[in-house]
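S.K.: Encoded as structure tokens, here's the structure I'll be asking about.
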Amino acid sequence: MTESTRVVNFGAGPSALPDSVLEEAAKGLVNFQGTGIGIAEISHRSKEFTAFVKNLESLIRSQLDVPETHKILFTQGGGTGQFSAIVLNMLARHRLLHPNLTDDERIMDYVVTGSWSKKAAAEARRMGGGKVNIAAESSHSIPSHESFKFSPAPALVYYCENETVDGVQFSHDASSPASFPFHLLPQDTLLPLVADYSSSFMSRKIHRLADHAVIFAGAQKNIGPAGLTILIVRQDCLVDVDAAAKLGAVPVPITMSFQTLADSGSLYNTPSTLPVYIAGLVLERSQRLGGIPYFEEVNKKKADQVYSVLKEGEAKGVFRGKVKEGSGSWMNITFDVLGDGSEAKFLAGAESRGMKALKGHRSVGGIRVSLYNAITEDQTGRLVAYMQEFITENAP
């Protein structure tokens, strides 16, 4: 694979993957672990594949320090599929704990900070079985702590740790006003806290991971192709959904049941074998490089470089950031290029220099720079140099 055949892919997902992983995966497509069978052909019940799944689980558990109180599960449907599965499983749990409450008394708290959390809340309303309370809401920033209004005993509390479209992210510094306000949640209980980590999973540590009921992530940002979804589920959330249905809960489709996934070792039905394989290769590489501490350090450096040149461009009237300072994402940096025709000019210039997929999401426009784990410091430096060049040439 030569440099001339590969561009820098700043796309938000499916996103860039390390060249070395793609090359190894290409070999596995033909012959997986010496079996003589390609990974896309091999039985998911084979000893080689089941061992690979267990190793993938081990890599995630060790690198994120996942406690034994939580199961690691693999499924399909992406983060959007979990918008539905979370509601069904957590309402089933709540029904078993509180069988005599009406649906209007089953409150689901949603924190809305951008496009994906807004969609998650809309899906919860559509699913029914409980009432949605918007615990906090903001646009282009993390809500102030004093604006949060959590319910006393919710069935679930949902937040999206990193908004891929909008470029808003909760800080993992507990002292930051942009951090998630754990101190405002109900205390002295097993919190029904649910976090969507799809676009920041494995990029840095997960603050207070053990306090979460469920963490979920689509793989197609930092660790693999689309088709694999990763769940970290606290064991008290692995409930008998059929027993809950007998008490009036909405029946949970069998492949969406957390307990089914856990009981079957994530192999109740045929999983996405190729995405699982590539995710395993990515996380083996991550471990060799130093795991989460390594990527946290590198990702901060990359984000700092881009935000620094963005601030320079703002001062000179060339760029305009979309997110309040302090609430910006490390993974997805969003901004506008000012002036008629300037955005198209910026994108064309980037593409001519071998940098693609910088156009913002169709719903918001502008520019979006996605700095997932596979994007190197050198590649980030190329973009920063181009942005500085663009500022010099286009400053009014």
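S.K.: Quick one: how many residues across the range 361-396 are open to solvent by 30 Å² or more (accessible area, probe 1.4 Å), farther than 20 Å from Lys322 by Cα and among the polar types (S, T, N, Q)?
M.R.: 3
S.K.: Same structure, new question: How about the range 236-272: which of its residues are among the polar types (S, T, N, Q), assigned to a loop (DSSP other than H, G, I, E, B) and closer than 17 Å to Leu91 by Cβ? Talk me through it step by step, then tell me what you get.
M.R.: Going residue by residue through the range 236-272, those that are among the polar types (S, T, N, Q) are 255, 257, 259-260, 264, 266, 269-270, 272.
Narrowing the set further to residues that are assigned to a loop (DSSP other than H, G, I, E, B) leaves 257, 264, 266, 269-270, 272.
Listed by number, the list holds a single entry, Ser257.
S.K.: Consider the range 181-204. How many of its residues are surrounded by 24 or more Cβ atoms within 10 Å (Cβ to Cβ), on the phi < 0 side of the Ramachandran plot and of a type outside the set (Ser, Thr, Tyr)?
M.R.: Within the range 181-204, residues that are surrounded by 24 or more Cβ atoms within 10 Å (Cβ to Cβ), on the phi < 0 side of the Ramachandran plot and of a type outside the set (Ser, Thr, Tyr) number 5.
S.K.: Do we find a residue being on the phi < 0 side of the Ramachandran plot, assigned to a helix (DSSP H, G or I) and hydrophobic (A, V, I, L, M, F, W, C) anywhere in the range 36-50? Step through it out loud before you land on a result.
M.R.: Start the filter on the range 36-50 by keeping residues that are on the phi < 0 side of the Ramachandran plot, which leaves 37-50.
Narrowing further to those that are assigned to a helix (DSSP H, G or I): 47-50.
Checking the rest, the ones that are also hydrophobic (A, V, I, L, M, F, W, C) come to 49.
Checking the range 36-50: at least one residue is on the phi < 0 side of the Ramachandran plot, assigned to a helix (DSSP H, G or I) and hydrophobic (A, V, I, L, M, F, W, C).
S.K.: So is Lys345 surrounded by fewer than 19 Cβ atoms within 10 Å (Cβ to Cβ) and either of a type in the set (D, E, K, R) or in contact with a strand residue (DSSP E or B) (Cβ under 6 Å, 6 or more places away or on another chain) (or both) or not?
M.R.: Considered against the rule, which asks whether it is surrounded by fewer than 19 Cβ atoms within 10 Å (Cβ to Cβ) and either of a type in the set (D, E, K, R) or in contact with a strand residue (DSSP E or B) (Cβ under 6 Å, 6 or more places away or on another chain) (or both), Lys345 comes out as yes.
S.K.: Could you list, in sequence order, the residues of the range 337-384 that are modelled with pLDDT under 95 and of a type in the set (Gly, Ala, Ser)?
M.R.: Ser363
S.K.: Scan the range 8-30 residue by residue and report those that are open to solvent by less than 70 Å² (accessible area, probe 1.4 Å), assigned to a loop (DSSP other than H, G, I, E, B) and either modelled with pLDDT under 95 or out of contact with any His (no Cβ under 9 Å at 6 or more places or on another chain) (or both).
M.R.: Phe10, Gly11, Gly13, Ser15, Ala16, Leu17, Pro18 - these are the residues of the range 8-30 that are open to solvent by less than 70 Å² (accessible area, probe 1.4 Å), assigned to a loop (DSSP other than H, G, I, E, B) and either modelled with pLDDT under 95 or out of contact with any His (no Cβ under 9 Å at 6 or more places or on another chain) (or both).
S.K.: Of the conditions (1) more than 22 Å from Val157 (Cβ to Cβ); (2) surrounded by 17 or more Cβ atoms within 10 Å (Cβ to Cβ), Ser257 fails just one. Which one is it?
M.R.: Ser257 satisfies all of (1) more than 22 Å from Val157 (Cβ to Cβ); (2) surrounded by 17 or more Cβ atoms within 10 Å (Cβ to Cβ) except (1).
S.K.: Related question: Looking for something under 19 Å from Ser199 (Cα atoms) and open to solvent by 60 Å² or more (accessible area, probe 1.4 Å) - is there at least one such residue anywhere in the range 317-333? Spell out how you get there, then give the answer.
M.R.: So the first thing to find is which residues in the range 317-333 are under 19 Å from Ser199 (Cα atoms), and the list is 322-323, 326-333.
Next cut, open to solvent by 60 Å² or more (accessible area, probe 1.4 Å) only: none.
Checked the range 317-333: no residue is under 19 Å from Ser199 (Cα atoms) and open to solvent by 60 Å² or more (accessible area, probe 1.4 Å).
S.K.: Considering (1) in contact with a His (Cβ under 9 Å, 6 or more places away or on another chain); (2) without any contact (Cβ under 8 Å) to a residue 60 or more places away in the chain; (3) among the aliphatic types (A, V, I, L, M), say which one Ala244 fails and leave the rest.
M.R.: Condition not satisfied by Ala244: (2).
S.K.: Further, regarding this structure: Could you say whether any residue in the range 120-138 is touching a residue at least 60 places away in the same chain (Cβ under 8 Å) and either touching a Phe, Trp or Tyr at 6+ places or on another chain (Cβ under 6 Å) or open to solvent by 60 Å² or more (accessible area, probe 1.4 Å) (or both)? Lay out the reasoning, then the answer.
M.R.: Within the range 120-138, the first condition is being touching a residue at least 60 places away in the same chain (Cβ under 8 Å), and the residues that meet it are 120, 127-129.
Cutting the leftovers down to either touching a Phe, Trp or Tyr at 6+ places or on another chain (Cβ under 6 Å) or open to solvent by 60 Å² or more (accessible area, probe 1.4 Å) (or both) gives us 120.
Looking for residues that are touching a residue at least 60 places away in the same chain (Cβ under 8 Å) and either touching a Phe, Trp or Tyr at 6+ places or on another chain (Cβ under 6 Å) or open to solvent by 60 Å² or more (accessible area, probe 1.4 Å) (or both), one finds at least one in the range 120-138, hence yes.
S.K.: Pull out all pairs, ordered by first then second residue, where Cβ-Cβ is under 6 Å, the residues are six or more apart or on different chains, the first lies in the range 338-357 and is over 17 Å from Asn9 (Cβ atoms), and the second is exposed (fewer than 14 other Cβ atoms within 10 Å of the Cβ).
M.R.: Close Cβ pairs (under 6 Å, with a partner that is exposed (fewer than 14 other Cβ atoms within 10 Å of the Cβ)) amount to Leu338/Arg320.
S.K.: So Gly280 ticks every box in (1) open to solvent by less than 20 Å² (accessible area, probe 1.4 Å); (2) of a type outside the set (A, V, I, L, M); (3) outside any helix (DSSP H, G or I) but one. Which box is left unticked?
M.R.: Here Gly280 meets the rest and fails (3).
S.K.: Checking Asn222 against (1) within 18 Å of Thr80 (Cα to Cα); (2) exposed (fewer than 15 other Cβ atoms within 10 Å of the Cβ): exactly one of these is not met. Which one?
M.R.: (2)
The values are calculated or read from the model by the stated rules, or taken from the named source; none is laboratory data. Not measured: the values here are computed from a predicted model. Neighbour counts are summed over all protein chains in view; Cβ atoms, including those assigned to glycine, are modelled from backbone coordinates with ideal geometry. Just the protein is used for accessible areas: all its heavy atoms, side chains included, with ligands, DNA and RNA removed. Shrake-Rupley method; radii C 1.70, N 1.55, O 1.52, S 1.80 Å.
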